[in-house]
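**Student:** Have a look at this one before I ask anything.
Please treat every number below as a calculation from the coordinates, not as lab data. This structure is a prediction, so every number in the text was calculated from the model and none was measured. Cβ atoms come from the backbone with ideal geometry, glycine included; neighbour counts cover every protein chain shown.
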Amino acid sequence: MPYTGKVVVDGPADVHELTDLMISKVAVGPMENNAYLLRCRATGEQLLIDAAADADTLLGLIGEDGIATVVTTHRHADHWQALDAVVRATGARTHAGRHDAEGIPVPTEVLLDDGDTVTVGRVPLTVRHLRGHTPGSVALVYDDPHGHPHVFTGDSLFPGGVGNTRGDAEAFATLLHDVETRLFGELPDETWVYPGHGADTTLGAERPHLPEWRERGW
């Protein structure tokens, strides 16, 4: 079946099969977080984005091949509840944004800055630092040489708006600026967006609404 990005807690993974990369998306409770397993087709190496919860579900998805890397998109607790268990079971190296690492109780081995590269096998992912939802939130961009880009946005960008800034006008302005300049300003409309919760979207579907988001302030 074609990939839709629609998953539910305790339901099966949805798999997006690209030429060089396989992306498996699952939803885990209790806050219906999305976790993404990336697998390099050439080497079989795997990377997990957000060990959010339900370690058994995530380890079942990972399988016997294990993971080399786990990236935590930001410091909020619903994105790292299973991180300790997953790291203990797999020995994966932990990555997180430099300015959020102190808020993640599992030690971060690799501190990420804007423009850094994280690799899964032969596949490079570019780090984009998106301030506002948290000080050190990061997104990962895969610029597929065989198609359009793909971006994993954590809680910084969703269908219908940017992440929650809890009524902080300055934080909202900062997040909207970073999302506009580092994602919308550099990537095409075809870019597929994989958020930290809920359904996927594309930059093209969201781009016309940027003025509306700015006007409403959230």
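**Student:** So what J values fall out for the range 191-198 if you push phi through Karplus, 6.51 cos²θ - 1.76 cosθ + 1.60 with θ = phi - 60°, rounded to Hz, Gly and Pro as x?
**Tutor:** Couplings: 4, 7, 10, 10, x, x, 9, x Hz.
**Student:** Relative contact order of the chain, please, whole-number percent, based on alpha carbon pairs below 8 angstrom and at least 6 residues apart.
**Tutor:** 15
**Student:** Moving to a separate point now. Based on the alpha-carbon gyration tensor of the range 137-193 and its eigenvalue square roots a ≥ b ≥ c, which shape applies: rounded if a/c is under 1.5, prolate if not and a/b is larger than b/c, or oblate?
**Tutor:** Note, shape of the range 137-193 comes out prolate.
**Student:** Between ALA205, ALA139, ALA82, find the one with the highest GNM mean-square fluctuation for the chain; connect C-alpha pairs within less than 10 Å.
**Tutor:** ALA205
**Student:** So, with +1 on the Cβ of K and R and -1 on the Cβ of D and E, and no other charges, what is the size of the charge dipole of the chain about its Cα centre, to the nearest 20 debye?
**Tutor:** 100
**Student:** While we're on this one: If Lys and Arg each add +1 and Asp and Glu each add -1, what is the summed charge of the other residues whose beta carbon sits under 15 Å from the beta carbon of MET22?
**Tutor:** Once positives and negatives cancel, what remains is -2.
**Student:** Compute the normalised compactness of the chain: alpha-carbon radius of gyration over 2.2 N^0.38 Å, N being the residue count.
**Tutor:** 0.94
**Student:** With n ≥ 4 as the cut-off for DSSP H runs, can you work out [θ] at 222 nm for the chain, using -39500 (n - 2.57) per run divided by the number of residues, rounded to the nearest 500?
**Tutor:** Calculated from helices alone, the mean residue ellipticity at 222 nm is -4500 deg cm²/dmol.
**Student:** Quick one: 3J(HN,Hα) in Hz for the range 19-31, Karplus 6.51/-1.76/1.60 with θ = phi - 60°, rounded, Gly and Pro as x.
**Tutor:** 4, 10, 9, 10, 10, 10, 10, 10, 10, 10, x, x, 10
**Student:** Rg and Dmax of the range 79-171 over Cα atoms: what are they, in angstrom?
**Tutor:** That works out to 14.3, 41 Å for Rg and Dmax.
**Student:** Less than 12 Å Cβ to Cβ from TRP218, Lys/Arg counted +1 and Asp/Glu -1: what total charge do the surrounding residues give?
**Tutor:** Net charge in that neighbourhood comes out at 0.
**Student:** What are the ³J(HN,Hα) couplings of the range 120-132, residue after residue, when phi is run through the Karplus curve with 6.51, -1.76, 1.60 and θ = phi - 60°? Round to Hz, x for glycine and proline.
**Tutor:** With coefficients 6.51, -1.76 and 1.60, one gets 10, x, 9, 9, x, 10, 9, 7, 10, 7, 10, 7, x Hz.
**Student:** In addition: Label points 7 Å out from Cα along the Cβ direction at MET1 and ALA85: separation in nm?
**Tutor:** If labels sit at MET1 and ALA85, their model points lie 2.6 nm apart.
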